[in-house]
Amino acid sequence: MSLHDFPQQPMFGLALSVIAYAIALRLNQQWKWLHPLFISSGLIIGFMLCAHIPYESYRLGGDFLVLLLGPATVALGIPIYKNARRIRSSLVAIMSGITIGSIAALLLSGVLVWSLGGTAELMVTMMPKSVTSPIALEISRKAGGIPELTAVLTVLTGLFGSMFGRSLLRMVGVRDDISIGVAMGTSSHGIGTARVIRDSELQGSISGFSMGAAAIITSLLFIPLYSWLH
């Protein structure tokens, strides 16, 4: 196999992702405000544009990483189990926050696309962006959206939530662990959860629980939305 043929191999997308993330982690050690996922995404996009490599070539190996999202999400069940008693004691308040947050995320996304003259296809593509990637992709695919664009919007939502979510919550006076966990998990899914769990296991467990519950609630809410849009 020649060097020219390497981008056509599944190992290319996987290797490029790992190398870009390793570089991003090193940069994050020097400058904490640089988010590793944000930097690694930029490095991958920049490299592929400069080398004139099509997305389809990267996707051959990138899809292997998508398969790992499921086990990574399931692993968040460990802190949820460890803090199950605390979650159970505030279950009504937590579920209320998740439900309201999920409805708000869907409506705000839909209204934004509609107000800008977007099509129904673009609406169903953008509306599930706040739930975890595997669920968002399946919702978009089943509802007739564009899964690839949904993946981009979902990752960007998680990135911005991870980078600015906690600061924004502090600015409006939200400092309670449960409230922060619900807000981050409902709006920023796994990327936001990974951010808060570094500071507080309780926040991470609440965020992980909220992420899973929001995925279920959003999927159920999409049933009447799909009928209305089509």
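The values are calculated or read from the model by the stated rules, or taken from the named source; none is laboratory data. If you're wondering where the values come from, they're calculated on a predicted model, not measured in any experiment. So basically every Cβ, Gly included, is an ideal-geometry build from the backbone, and we count neighbours across all protein chains shown. With ligands, DNA and RNA removed, areas are computed over all heavy atoms of the protein, side chains included. Shrake-Rupley method; radii C 1.70, N 1.55, O 1.52, S 1.80 Å.
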Counting only helices (runs of 4 or more DSSP H) entirely within region 127-230, those with at least 3 residues that are in contact with a Pro (Cβ under 7 Å, 6 or more places away or on another chain) are 133-143, 201-229
Leu14 meets each of (1) under 23 Å from the mean Cα position of the chain (by Cα); (2) closer than 28 Å to Asp199 by Cβ; (3) hydrophobic (A, V, I, L, M, F, W, C) with one exception, condition (2)
(request) With the condition kept exactly as written, say whether any residue in region 205-218 is touching a residue at least 24 places away in the same chain (Cβ under 8 Å), in contact with a helix residue (DSSP H, G or I) (Cβ under 6 Å, 6 or more places away or on another chain), open to solvent by 40 Å² or more (accessible area, probe 1.4 Å) and of a type outside the set (Lys, Arg). (result) yes
Of (1) under 12 Å from the mean Cα position of the chain (by Cα); (2) surrounded by fewer than 24 Cβ atoms within 10 Å (Cβ to Cβ); (3) closer than 26 Å to Leu122 by Cβ, His189 fails just (2)
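Of a type in the set (A, V, I, L, M), out of contact with any His (no Cβ under 9 Å at 6 or more places or on another chain), farther than 19 Å from Ala194 by Cα and open to solvent by 70 Å² or more (accessible area, probe 1.4 Å): is that true of Ile19 in this structure?
Yes; evaluated as a whole, the condition is true for this residue.
Out of Thr186, Thr157, which single residue is touching a helix residue (DSSP H, G or I) at 6+ places or on another chain (Cβ under 9 Å), modelled with pLDDT of 90 or more, closer than 23 Å to Asp63 by Cα and of a type outside the set (A, V, I, L, M, F, W, C)? Break it down into steps so the answer makes sense when it comes.
Details: Thr186 fails: closer than 23 Å to Asp63 by Cα.
None of the others qualify; the one that does is Thr157.
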(1) open to solvent by less than 30 Å² (accessible area, probe 1.4 Å); (2) over 19 Å from the mean Cα position of the chain (by Cα) all hold for Val92 apart from (1)
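Examine region 55-72 for a residue that is of a type in the set (A, V, I, L, M), open to solvent by 70 Å² or more (accessible area, probe 1.4 Å) and assigned to a helix (DSSP H, G or I), and state whether such a residue exists.
The initial filter retains those residues of region 55-72 that are of a type in the set (A, V, I, L, M), namely 60, 65-69, 72.
Adding the requirement that they be open to solvent by 70 Å² or more (accessible area, probe 1.4 Å) leaves 60, 67-68.
Add one more test, that the residue is assigned to a helix (DSSP H, G or I), and what stays is 60, 67.
Yes; the residues of region 55-72 include at least one that is of a type in the set (A, V, I, L, M), open to solvent by 70 Å² or more (accessible area, probe 1.4 Å) and assigned to a helix (DSSP H, G or I).
Which one of Gly117, Gly101, Gly173, Gly97 is under 16 Å from the mean Cα position of the chain (by Cα) and either without any contact (Cβ under 8 Å) to a residue 12 or more places away in the chain or under 16 Å from Gly208 (Cα atoms) (or both)? So that I can check it myself, show each step before the final result.
Values: Gly117 fails: under 16 Å from the mean Cα position of the chain (by Cα); Gly173 fails: under 16 Å from the mean Cα position of the chain (by Cα); Gly97 fails: under 16 Å from the mean Cα position of the chain (by Cα).
Result of the check over Gly117, Gly101, Gly173, Gly97: Gly101.
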Log entry, pairs with first residue in region 123-145 being over 18 Å from Ile217 (Cβ atoms) and in contact (Cβ under 8 Å) with a residue 12 or more places away in the chain, second being small (Gly, Ala, Ser) and in a loop (DSSP other than H, G, I, E, B), beta carbons closer than 7 Å, six or more apart or on different chains, reads Thr125/Gly145
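For region 113-136, give me each residue that is within 23 Å of Gly190 (Cβ to Cβ) and open to solvent by 30 Å² or more (accessible area, probe 1.4 Å).
Within region 113-136, the subset within 23 Å of Gly190 (Cβ to Cβ) is 124-136.
Selection gives Met126, Lys129, Pro134, Ile135.
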Filtering region 35-54 down to residues that are open to solvent by less than 60 Å² (accessible area, probe 1.4 Å) and farther than 16 Å from Pro10 by Cβ yields His35, Pro36, Leu37, Ile39, Ser40, Ser41, Gly42, Gly46, Ala51
Taking region 137-152 and keeping residues open to solvent by 30 Å² or more (accessible area, probe 1.4 Å) and within 12 Å of Met123 (Cα to Cα) leaves Gly144, Ile146, Leu149
Residue pairs qualifying under the 8 Å Cβ cut-off, at least six apart or on distinct chains, with the first in region 79-92 being under 16 Å from Ile197 (Cα atoms) and the second being open to solvent by 70 Å² or more (accessible area, probe 1.4 Å) and in a helix (DSSP H, G or I), are Pro79/Glu201; Lys82/Glu201; Asn83/Glu201
